Amino acid sequence: MRATAVALAEPKQSAHRLQPRAKRAPIECGDLPFLIKRDGTWLYRGTPINRKELVCLFSSVLRREADGSFWLQTPAERGRIEVEDAPFIAVELDWTGDGRQQVLSFRTNVDQVVTAGPENPIRVAHDVLTCEPTPYLLVRPGAGERGIEARINRAVYYELVARKNKDQRDDVAIVRIEQLAPLPRRRLKETLDRYPNAEQFFWVQEEPANQGAWPTFGLTLPEVCSDTLAGIKRISRRAMSAPSSGSSKVHAVEQQEIIDEAFGD
């Protein structure tokens, strides 16, 4: 039987191969009527954007140029927006490990989780007048040296402690729950047992009533510690669709009201 040889050769390339289309630069739209307030609220033409899904969508196309300006940029268009401080707020902290092995993870107000490290460092800025320190976390890099950051929010816990020390209130105990899931039930019960004379218990948070940890803990804590926390009450901002009021002045007034109510003022 004769074998048949079959030769394979590369096909000749067509002289009329289509060249890839050049990537078109986004159209410059100038200044857009957006403002990100210091408390993390997004405004459009002065009106708060209350839909969190929409805020998350806009934040995903946020860019920062080498000159420090902020832009909303899509493949088709881009426009400059105004940011009072940092565009994001780190509202929740979680950590694992100890010492050099400790890992810090932050959740921002747009539900993005960022782990602090060499690629996402934490820096501390100081106010020129008051010298008060403010920590910032790099969320993602920008076009220059300055990237897109989240201001690490000062927990209401520290404000409560400062107020307690200032007023010398020995009749108030402040307990902070750092681990939200899984809830450290045994440690929580042991801590509460240190205050056998406590008559009232309050859950204090700066988030609105329908946000933060209260919607879950308001149901969980009375079940876990039914003998002590069955009547626990909430102190916070009212229920809102947005994370804050959109006004720094209103935000400050509401924050003070939370602290005052916690101490019965």
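Can you list the strands (runs of 3 or more DSSP E) lying wholly within the range 69-145 that have 1 or more residues being closer than 21 Å to PRO182 by Cα? Give the derivation first.
Working: elements: 70-73, 77-83, 88-96, 103-108, 113-115, 122-126, 133-140.
Hits in the range 69-145: 88-96, 103-108, 113-115.
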- Among the listed residues ALA86, ALA66, which satisfies the condition of being in contact (Cβ under 8 Å) with a residue 60 or more places away in the chain, exposed (fewer than 15 other Cβ atoms within 10 Å of the Cβ) and not charged (D, E, K, R)? ALA66
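For every residue, the table says whether it meets (1) modelled with pLDDT of 95 or more; (2) outside the structural domain of ASP127 (by TED's automatic domain parsing); (3) among the aliphatic types (A, V, I, L, M).
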position: PRO11; (1), (2), (3): no, yes, no
position: PRO20; (1), (2), (3): no, yes, no
position: PRO33; (1), (2), (3): yes, yes, no
position: VAL55; (1), (2), (3): no, yes, yes
position: PHE70; (1), (2), (3): yes, yes, no
- Failed condition for PRO243, given (1) surrounded by 14 or more Cβ atoms within 10 Å (Cβ to Cβ); (2) at pLDDT 90 or above; (3) not in a helix (DSSP H, G or I): (2)
- Which pairs have Cβ atoms under 6 Å, sit 6 or more apart or on different chains, and link a residue in the range 251-265 that is touching a residue at least 24 places away in the same chain (Cβ under 8 Å) and assigned by TED's automatic domain parsing to the domain that holds GLU199 to one that is assigned to a loop (DSSP other than H, G, I, E, B) and among the polar types (S, T, N, Q)? HIS251/SER244; HIS251/SER245
- Message: Regarding the range 139-159, can at least one residue be identified that is among the hydrophobic types (A, V, I, L, M, F, W, C), at pLDDT below 85 and surrounded by 17 or more Cβ atoms within 10 Å (Cβ to Cβ)?
- Response: yes
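The values are calculated or read from the model by the stated rules, or taken from the named source; none is laboratory data. All values derive from a computational prediction rather than experimental measurement. Positions of Cβ are backbone-derived with ideal geometry, glycine not excepted, and every protein chain shown enters the neighbour counts.
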